[in-house]
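Visitor: There's a structure below that I have some questions on.
The values are calculated or read from the model by the stated rules, or taken from the named source; none is laboratory data. Because the structure is a prediction, the values reported are computed rather than measured. Because the Cβ atoms are built from the backbone with ideal geometry, glycine has one as well, and the counts that use them run over all protein chains shown. Just the protein is used for accessible areas: all its heavy atoms, side chains included, with ligands, DNA and RNA removed. Shrake-Rupley method; radii C 1.70, N 1.55, O 1.52, S 1.80 Å.
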Amino acid sequence: MPRRLESTPQSDGFRMPAEWERHAGCWMLWPQRRDTWRNGGKPAQRAFVEVASQIARFERVSMGVNRDQYENARAMLPPQVRVVELSNNDAWMRDCGATFVVNKRGDVRGVDWRFNAWGGLDKLMYFPWDQDQLVATKMLEIEGIDRYAAPFVLEGGSIHVDGEGTVITTEQCLLHPNRNPQLSRAQIEQLLADYLGIRHIIWLPRGVYEDETDGHVDNLCCYARAGVVAMTWTDDRSDPQYERSAAAYEALMSARDAQGRGLEIHKIHQPAPMTMTTDEAAGLDVVDSAFRRPVGERLAGSYINFYIANGAIIMPIFGDRHDAAAAQKLAALFPQREIVRIQAREILLGGGNIHCITQQQPAGS
Ligand code: KQY
């Protein structure tokens, strides 16, 4: 039976591996909330099926599903995707799921963060989030993997590691008073070191404009390999994203990683600004205990929100004139991997993208 460990990954010699290290598989959750996913969730379910099907060409995919959606999900998903009954409040596996850590022997353990749905009652993305909070424990139980219960709020989308001692994150999110108001910056830095097994933190100021996660790094900037990052960019100085990307670029330019390296930075131009249409907003149920997305609201579109699978990059595209250039840049950054493009507007309408709905489980030994 998997154990709950009272020590920390760092003290036990565990670290979070980089996303490009070999995976045992990928975890996802099935979308169904009618206040997040329009038209009863059907368009989003089709997009999730496409993401899961494509990832399953390269590694095992496990889809967690609420019991009332089990049969529907099983029918919509191809047989190679494992469907497991796993209660949840919404479909953001990156954020409520376990973060896996490994040691030099190839043992794998899981970190179970506290989850408050991106800001608790302050943000009121939705209430309750009690089933999301249990997702990490349950997936680790299913896999028979020991669990560290981290004593602070953190979402997986707010961190990117190089697997060699460095994490990149944003001040906007990790220092936001709606996450861990009782903790100082120094205490948060210590906890990141303890639970990710890192030695160095690169702080970026803010995330993507109008990102409802309070600036998750996984929509703004990610590692492509150790010492090399990709970030979302715009050349339009009048776009509110410009100053955010420019500030991140400055911070990355002056950063050193845990190995003492400067970073090679690749800019990927963002898609043209997108907003929620009247028709899309009309497809959402109105619920008092959930965040309301108004017509005309800017969507936090970015090509950085991709998933690195064994042998592939699963990237979002939007039917935008920048899609092809973004795919070319990713192909150059990941020459050994197939670039798989997925029309991802339906995922974006829910407030995130492909990286946010996936969580890699490392192969270990
Ligand atoms: O960016 C992510 N990691 C998740 C986005 C979740 C948005 C909730 N509506």
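Visitor: What residue, among those in the stretch 185-225 that are under 30 Å from residue 292 (Cβ atoms) and not in a loop (DSSP other than H, G, I, E, B), is farthest from the ligand (Cβ to nearest atom)? Walk me through it before giving the result.
Guide: As a first pass, look at the stretch 185-225 and keep what is under 30 Å from residue 292 (Cβ atoms): 204-222.
From what's left, not in a loop (DSSP other than H, G, I, E, B): 204, 217-219, 221-222.
Working: 204: 15, 217: 9, 218: 6, 219: 6, 221: 13, 222: 12 Å.
That would be 204.
Visitor: In the stretch 60-143, which strands (runs of 3 or more DSSP E) lie fully inside it and hold 2 or more residues that are open to solvent by less than 20 Å² (accessible area, probe 1.4 Å) and more than 16 Å from residue 28 (Cβ to Cβ)? Please lay out each step first, then the result.
Guide: Working: elements: 60-65, 81-85, 99-102, 108-114.
Passing ranges, in order: 99-102, 108-114.
Visitor: Given the conditions (1) acidic (Asp, Glu); (2) surrounded by fewer than 21 Cβ atoms within 10 Å (Cβ to Cβ); (3) away from the ligand (no atom under 14 Å from the Cβ); (4) in contact (Cβ under 8 Å) with a residue 24 or more places away in the chain, and given that residue 297 satisfies all but one, which numbered condition is not satisfied?
Guide: If we test residue 297 against (1) acidic (Asp, Glu); (2) surrounded by fewer than 21 Cβ atoms within 10 Å (Cβ to Cβ); (3) away from the ligand (no atom under 14 Å from the Cβ); (4) in contact (Cβ under 8 Å) with a residue 24 or more places away in the chain, just (3) comes out false.
Visitor: List, please: which pairs have Cβ atoms under 6 Å, are six or more places apart or on different chains, and start with a residue in the stretch 95-124 that is on the phi > 0 side of the Ramachandran plot and end with one that is within 11 Å of the ligand (Cβ to nearest atom) and assigned to a loop (DSSP other than H, G, I, E, B)?
Guide: 117/125; 117/129; 118/125; 118/213
Visitor: Then there is this: Mind listing just one residue for me: the one in the stretch 333-365 that is part of a strand (DSSP E or B), of a type outside the set (D, E, K, R) and away from the ligand (no atom under 13 Å from the Cβ) and, of those, most open to solvent (accessible area, probe 1.4 Å)?
Guide: Just the residues of the stretch 333-365 that are part of a strand (DSSP E or B), to begin with: 338-343, 359-362.
Pick out the ones that are also of a type outside the set (D, E, K, R) and you get 339-340, 342-343, 359-362.
Now drop any that are not away from the ligand (no atom under 13 Å from the Cβ), which leaves 339-340, 342-343, 360-362.
On the way: 339: 42, 340: 10, 342: 3, 343: 115, 360: 14, 361: 11, 362: 12 Å².
Only one residue tops the list, namely 343.
Visitor: Just the residues that are among the basic types (Lys, Arg) and surrounded by 14 or more Cβ atoms within 10 Å (Cβ to Cβ), please, taken from the stretch 285-294. Outline the logic, then answer.
Guide: Step one: list which residues in the stretch 285-294 are among the basic types (Lys, Arg), which gives 292-293.
Across the stretch 285-294, the qualifying residue is only 293.
Visitor: Let me ask something else about it. From (1) without any contact (Cβ under 8 Å) to a residue 24 or more places away in the chain; (2) part of a strand (DSSP E or B); (3) not hydroxyl-bearing (Ser, Thr, Tyr), pick out the condition that doesn't hold for residue 182.
Guide: The single condition residue 182 does not satisfy is (2).
Visitor: Given the criteria in contact with a helix residue (DSSP H, G or I) (Cβ under 8 Å, 6 or more places away or on another chain), aliphatic (A, V, I, L, M) and farther than 26 Å from residue 227 by Cα, does residue 347 qualify?
Guide: Values: in contact with a helix residue (DSSP H, G or I) (Cβ under 8 Å, 6 or more places away or on another chain): yes; aliphatic (A, V, I, L, M): yes; farther than 26 Å from residue 227 by Cα: yes.
Taking the combined requirement at face value, the residue satisfies it.
Visitor: Right, here's the next one. So which residues in the stretch 134-158 are within 14 Å of the ligand (Cβ to nearest atom) and in contact (Cβ under 8 Å) with a residue 60 or more places away in the chain, if there are any at all?
Guide: 135, 155, 156, 157, 158
Visitor: Would you say residue 321 is within 16 Å of the ligand (Cβ to nearest atom) and surrounded by fewer than 16 Cβ atoms within 10 Å (Cβ to Cβ)? So that I can check it myself, show each step before the final result.
Guide: Values: within 16 Å of the ligand (Cβ to nearest atom): no; surrounded by fewer than 16 Cβ atoms within 10 Å (Cβ to Cβ): yes.
Criteria not met by residue 321.
Visitor: Here are some conditions: (1) surrounded by 22 or more Cβ atoms within 10 Å (Cβ to Cβ); (2) within 16 Å of the ligand (Cβ to nearest atom). Residue 309 meets all but one. Which one does it not meet?
Guide: If we test residue 309 against (1) surrounded by 22 or more Cβ atoms within 10 Å (Cβ to Cβ); (2) within 16 Å of the ligand (Cβ to nearest atom), just (2) comes out false.
Visitor: Under 7 Å between Cβ atoms, which residue pairs at least 6 apart in sequence (or on different chains) link something in the stretch 347-365 that is more than 21 Å from residue 104 (Cα to Cα) with a partner that is aromatic (Phe, Trp, Tyr) and open to solvent by 10 Å² or more (accessible area, probe 1.4 Å)?
Guide: Between residues of the stretch 347-365 that are more than 21 Å from residue 104 (Cα to Cα) and residues that are aromatic (Phe, Trp, Tyr) and open to solvent by 10 Å² or more (accessible area, probe 1.4 Å), the close pairs are 352/92; 356/92; 357/92.
Visitor: Just checking, which of 197, 157 is touching a Cys at 6+ places or on another chain (Cβ under 9 Å), of a type in the set (Gly, Ala, Ser) and crowded, with 19+ Cβ neighbours inside 10 Å?
Guide: On the way: 197 fails: touching a Cys at 6+ places or on another chain (Cβ under 9 Å).
That would be 157, the only listed residue that is touching a Cys at 6+ places or on another chain (Cβ under 9 Å), of a type in the set (Gly, Ala, Ser) and crowded, with 19+ Cβ neighbours inside 10 Å.
Visitor: From the set of residues in the stretch 162-173 that are open to solvent by 10 Å² or more (accessible area, probe 1.4 Å) and in contact with a Gly (Cβ under 9 Å, 6 or more places away or on another chain), which is nearest to residue 295 (Cα to Cα)? So that I can check it myself, show each step before the final result.
Guide: So the first thing to find is which residues in the stretch 162-173 are open to solvent by 10 Å² or more (accessible area, probe 1.4 Å), and the list is 163-164, 171-172.
Retained after the next criterion (residues that are in contact with a Gly (Cβ under 9 Å, 6 or more places away or on another chain)): 164, 171-172.
Numbers: 164: 43, 171: 29, 172: 25 Å.
In this case the residue turns out to be 172.
Visitor: Right, another one. Please enumerate the residues belonging to the stretch 254-266 that are surrounded by fewer than 13 Cβ atoms within 10 Å (Cβ to Cβ) and more than 14 Å from residue 223 (Cα to Cα).
Guide: Those that are surrounded by fewer than 13 Cβ atoms within 10 Å (Cβ to Cβ) and more than 14 Å from residue 223 (Cα to Cα): 254, 260.
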